[in-house]
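Encoded as structure tokens, the structure appears first; notes follow it.
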Amino acid sequence: MLRFRSILFAAVLAASAPFIVDAQTSGAEASAAPTSTIMSGKLTAVPFRAGTILSAEICKQKPSFDVESEFDKPAIENPAWIELIVKLDSGRSLSRFDYEIVSKNGTYPCFAVAEGADGYSSDVEKWIIKTSSPLKYYRLLFPVRQDEIAAAKKELLPVTLKVKLFETTLAPASFHVRVMPEGKNFTRVSSVRPEGICNMTYSEAFESGN
């Protein structure tokens with residue numbers, strides 16, 4: 001299985017290299033991030049290398065997959081899941097190989113990406129979003145250890161989003177992931193406000209009248 005995944009990874013990486021390099025290097029250092037909102041002292045939209053993080057959540061509920069493969073599974077057994085909802089800058093691409101999340105207790109590579117409310121997929125064709133729109137939202141999924149939820153303080157888990165494949169002079173994006181209440185799935189893309197709901201607890205984002 002490892003050999004099969006290595007071959008797939010090498011093939012997709014070779015095919016996508018031009019898109020990733022272009023997206024990561026063309027004006028990357030000079031691109032301006034959208035204006036972020038500060039609410040109650042919290043940055044609700046967090047700039048990162050390719051755009052802006054509008055929402056970040058962790059929960060135990062596995063999100064929907066349109067296609068799954070026994071040869072392409074998370075390295076972590078029975079994981080919890082972190083999902084980021086982002087808006088990409090014009091001309092940017094996105095792949096499951098671009099980013100990893102770092103917490104105090106571990107480092108976790110991205111496992112899947114999706115456009116809008118589309119289901120995630122293990123289909124090789126869905127590993128890379130080559131053409132994006134600044135008018136759409138995109139999702140990144142990270143399987144993480146279950147004990148990351150217990151490591152959160154006041155329902156927020158501090159993490160950093162880092163670029164995996166390329167060196168950059170830009171600082172990694174650091175923010176807090178919202179712990180979803182027991183039994184709750186990730187927030188729908190359509191419920192994410194344009195000003196963002198990052199760094200906010202569930203009650204702050206959805207129950208306080210914001």
> How about Lys42: which lysines have a C-alpha closer than 22 Å to its C-alpha, ignoring those fewer than 8 places off in the same chain?
Replying inline: Lys87, Lys104, Lys153, Lys154, Lys162
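Convex hull over the Cα atoms of the range 56-210, averaged projected area in nm²?
Values: hull surface 37.8 nm².
Taking the Cα atoms of the range 56-210, their convex hull projects to 9.5 nm² on average.
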>> Report the per residue volume, in Å³, of the convex hull enclosing the C-alpha atoms of the range 105-154.
In response: 126
> So what's the projected area for the range 113-190, the Cα convex hull averaged over all directions, in nm²?
Replying inline: 7.3
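Mind giving me the FRET efficiency for Glu195 and Ala75? R0 is 30 Å, r the Cβ-Cβ distance, nearest 0.05 is fine.
On the way: r = 35 Å, r/R0 = 1.17.
My answer for the efficiency is 0.30.
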>> As a test of reading the structure, rank Glu148, Glu125, Glu115 by solvent-accessible area (1.4 Å probe, protein chains only), most first.
In response: Glu125, Glu115, Glu148
> How large are Rg and Dmax for the range 134-173 when only the alpha carbon atoms are used, in Å?
Replying inline: 13.8, 35
>> Test of understanding: what is the full-extension gain from Glu115 to Lys154, defined as 0.36 nm times their sequence separation minus their Cα-Cα distance?
In response: 11.0 nm
> What's the extension gain from Asp147 to Thr107 if we count 0.36 nm per residue and subtract their Cα-Cα distance?
Replying inline: 13.1 nm
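The values are calculated or read from the model by the stated rules, or taken from the named source; none is laboratory data. All figures in this text were calculated on a predicted structure; none of them were measured in a lab. Using ideal geometry, Cβ is built from the backbone for each residue, glycine included, and neighbour counts are taken over all protein chains shown. The accessibility values were calculated without ligands, DNA or RNA, using every heavy atom of the protein model including side chains. Shrake-Rupley method; radii C 1.70, N 1.55, O 1.52, S 1.80 Å.
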